[in-house]
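Every read-out reported here was derived from the displayed coordinates using simple, explicitly stated rules and does not represent laboratory data. Note that the structure is a prediction, hence the values are computed from the model and not measured. No Cβ is skipped: glycine too gets one built from the backbone with ideal geometry, and neighbour counts run over all protein chains shown.
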Amino acid sequence: MGEGIMRLGFVDVRVTDLEAASQHYVDVMGLQETSRTEDTVYLKGWDEYDHHSIVLRQSDRAGLVKMAFKVHTYEDLERLEKQVHQHGAIVTRVSKNENFKVGEGIRFRLPSGHIMELFVDMDYVGKAIPQINPVPAPEGLIGVGVPRIDHLLITAERPHETIEFLMKSLNFYMSEKVVENERSDTPMSAWLFRSNTPHDIAVIPGRDEGLHHFAFWLDEFNELRKAGDIFSKHDVPIDVGIERHGITRGQTIYYFDPSGNRNEVFTGGYIAYPDMPVVKWTVDQLARGIFYFNHRQEWLEGFTGVTT
Ligand SMILES: [Fe+2]
């Protein structure tokens, strides 16, 4: 996939009750707690080998503190630092261990105000399965047993500015976009990738600095059913699902963590390559793009309106 950004590294999210949050993410979602301080919990999925992909941070409100993407090399980091600077963002250097267990990096704000960081190294912990002659899955997974983080959706007052910034200064590729009509090219929303999935990040209209959701990967559709069973058992509030996305063609359940951060369990979708022709959704078909099955439902308003 070339050099530059490799994948989403971690999301750092605010929670209003660290104990309730860590119980949810460990006992219901099945993440592994890798470290803890007084006000912070670090988590990873069983199929992830870096120290963490989620940081939970005690706060008085929910929402995103920042997102961090992992970059291939320090040369890439320097090049991206220049590009980000050229596109008008103020870049600060992040020193080693300023993020616990994470190496040197850079920090800047997207046009939407979101804090983004890039880093190259994080402490290696290893997967919950061996590297040599591995079993396909570990035994004794707890709850949903999510293998890894997948993507996040952020909101912006002027989405096209942030979309352009992500593509021009960070070399994200676009898989799909929402436009006014068939002849229009300006994205009202866009799904962007650096890995080989339809999106590592997406930008939709909403308030600046808003988090719509971050998502965990599940291996197949039946895992969503199992997740739904577990959510019901543990009184996890389900927002929408099981559903099918027209955009990305993924399948999904949306739900809320105990602080009200929207999360998703996601599976399916296609393989994305940098040369793929961008898929357009005209805004009159947006409901099908978001929820292909129940596109007539009125709860669509609440889904797009509620962010943290
Ligand atoms: Fe999603």
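When the Cα positions of I204, Q83, L56 are compared along the charge dipole of the chain, Q83 comes out farthest toward the positive end, with charges on each C-beta of Lys, Arg, Asp and Glu. Counting only DSSP beta bridges whose two residues both lie in the chain, roughly 70 percent are antiparallel.
Modelled label positions at E157 and V278, each set 7 Å beyond Cα in the direction of Cβ, lie 2.4 nm from each other.
Straight-line cross-link reach from K233 at under 25 Å between alpha-carbon atoms covers these lysines, not counting any fewer than eight positions away in the same chain: K44. Suppose every K and R has +1 on its Cβ and every D and E has -1 on its Cβ; what is the size of the dipole of the stretch 5-119 about the Cα centre, in Debye to the nearest 20? Dipole magnitude for the stretch 5-119 comes out near 420 debye.
Here the stretch 175-257 is treated as an ellipsoid with the same Cα gyration tensor; its semi-axes, largest first and in whole Å, are 27, 15, 12. Starting from the Cα of H87, move 7 Å in the Cα-to-Cβ direction to define the label point; list residues of the stretch 156-193 whose amide nitrogen is under 11 Å from there. From the stretch 156-193, the list is 161-173. How far is it, in nm, from the label point at T186 to the one at Y270 when both lie 7 Å from their Cα along the line to the Cβ? Taking the two extended label points, one gets 2.8 nm.
Straight-line cross-link reach from K82 at under 23 Å between alpha-carbon atoms covers these lysines, not counting any fewer than eight positions away in the same chain: K66, K70, K96, K168. Amide hydrogen proximity for I242: with H placed 1.01 Å from N in the peptide plane, no residue at 5 or more positions away or on another chain lies under 5 Å.
Taking the Cα centre of the stretch 152-258 as origin and assigning +1 to Lys and Arg Cβ atoms and -1 to Asp and Glu Cβ atoms, the resulting dipole is close to 200 debye.
Take the Cα of E19, go 7 Å toward its beta carbon, and the backbone nitrogen atoms of the stretch 25-62 under 16 Å from that spot belong to 25-27, 37-41, 58-59.
For I201, what is the net charge nearby, where nearby means another residue's Cβ is under 14 Å from its Cβ and Lys, Arg count +1, Asp, Glu -1? With Lys, Arg at +1 and Asp, Glu at -1, the net is -1. Around the Cα centre of the chain, unit charges on the Cβ atoms of Lys, Arg, Asp and Glu (plus for the first two, minus for the last two) sum to a dipole of about 360 debye. Gyration tensor analysis over the Cα atoms of the chain returns equivalent ellipsoid semi-axes of 27, 25, 19 Å (largest first, whole Å).
Here the calculated FRET efficiency for R296 and M167, from their Cβ-Cβ distance with R0 = 45 Å, stands at 0.85, rounded to the nearest 0.05. Each of T267, V41, T155 was scored by the projection of its Cα onto the charge dipole of the chain, and the greatest displacement toward the positive side belongs to T155; charges sit on the C-beta of Lys, Arg, Asp and Glu. Ordering V94, V11, V26 by the projection of their Cα atoms onto the charge dipole of the stretch 5-119, which places +1 on the Cβ of Lys and Arg and -1 on the Cβ of Asp and Glu, puts V94 at the extreme positive end.
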